[in-house]
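Student: One structure, as structure tokens, below. Some questions next.
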Amino acid sequence: MSRRGRKLTTDERELWRKVAATTSRRAPQPVAPEVDTVPQPVSRREEAPTVPQVRILKPHGRPAPQVSLPPPQAPAPSGLDRATETRLRKGRKEPDDRLDLHGMTAQRAHAALNRFVSQSRAMGHRLVLVITGKGGSDDFTGHAPFGGEGPGVLRREAPIWLSTPPLSQMVVNVSQAHPRHGGGGALYVYLKRKR
């Protein structure tokens, strides 16, 4: 986008020709992109990670507005040790018990899940399998945990029930089951130790 200014007067054009005659043309020099690292202010009480400032050059060497890169996000802790997490992910840990919620209404399923988790923990079980079913469709692309939008009400609601009291006080981790234990239609529920 070019900006148009006023036209030069005859005297100004003559002056410009005289100045231009005294100069010689230089070979163009490549312009390297600049990267500035500007430290963020840090309070004395807490130390924040430094976010690098990146300056991107536009054509003709004009700097673009500075862009702050967000700090890298650490994965959310699962509450499990690495070996247990790996065994679950690979389907190498057998569940101590299982609950099948197929065919239940949401209200009945919620009550059954509450009883099952409480009884399983009282019996000292650590890993239980909750079968929700896939809800009639394998094509889930929504944003709900382990499922999505669609007809799979139990598939969508069970992780929410497990993450809210009273069940959340008994549960260490909830994850999608390995395909040999039901895959997208089942959940591994890892319970806290009985005290």
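Student: Work out how much length Arg180 to Ala112 would gain on full extension: take 0.36 nm times their residue separation and subtract the Cα-Cα distance, in nm to one decimal. Before the final figure, lay out the partial values.
Tutor: Values: separation 68, 0.36 × 68 = 24.48 nm, distance 2.37 nm.
Going from the current span to full extension adds 22.1 nm.
Student: Sort Glu14, Glu157 from largest to smallest accessible area, using a 1.4 Å probe on the heavy atoms of the protein chains.
Tutor: Highest to lowest solvent-accessible surface, that is Glu14, Glu157.
Student: Here's another thing I want to ask about it. With a sphere of radius 12 Å drawn around the Cβ of Arg92, what net charge do the other residues whose Cβ falls strictly inside it have (Lys, Arg +1; Asp, Glu -1)?
Tutor: +3
Student: Shifting gears a bit: By a straight-distance test (C-alpha under 26 Å), which lysines pair with Lys192 as possible cross-link partners, with residues fewer than eight away in the same chain excluded?
Tutor: Hits, sequence-local ones excluded: Lys90, Lys93.
Student: Please give the contour-minus-distance gain from Thr164 to Ala83: 0.36 nm per residue of separation, less the Cα-Cα distance, rounded to one decimal in nm.
Tutor: 26.5 nm
Student: Straight-line reach from Lys7: which lysines have a Cα under 26 Å away, not including same-chain ones fewer than 8 places off?
Tutor: Lys18
Student: If you don't mind, another one. Counting only C-alpha contacts under 8 Å and six or more residues apart, can you give the relative contact order of region 156-195 as a whole percent?
Tutor: 33
Student: Give the long-range amide H neighbours of Asn173: residues separated by 5 or more places, or on another chain, with amide H under 5 Å away, using H modelled in the peptide plane at 1.01 Å from N.
Tutor: Counting only residues 5 or more places away or on other chains, the set is Tyr190.
The values are calculated or read from the model by the stated rules, or taken from the named source; none is laboratory data. The structure presented is a predicted model; accordingly, all values stated were derived computationally and were not measured. Cβ sites come from the backbone with ideal geometry, for glycine too, and all protein chains shown count toward neighbours. Surface accessibility is based on the protein's heavy atoms, side chains included, excluding ligands, DNA and RNA. Shrake-Rupley method; radii C 1.70, N 1.55, O 1.52, S 1.80 Å.
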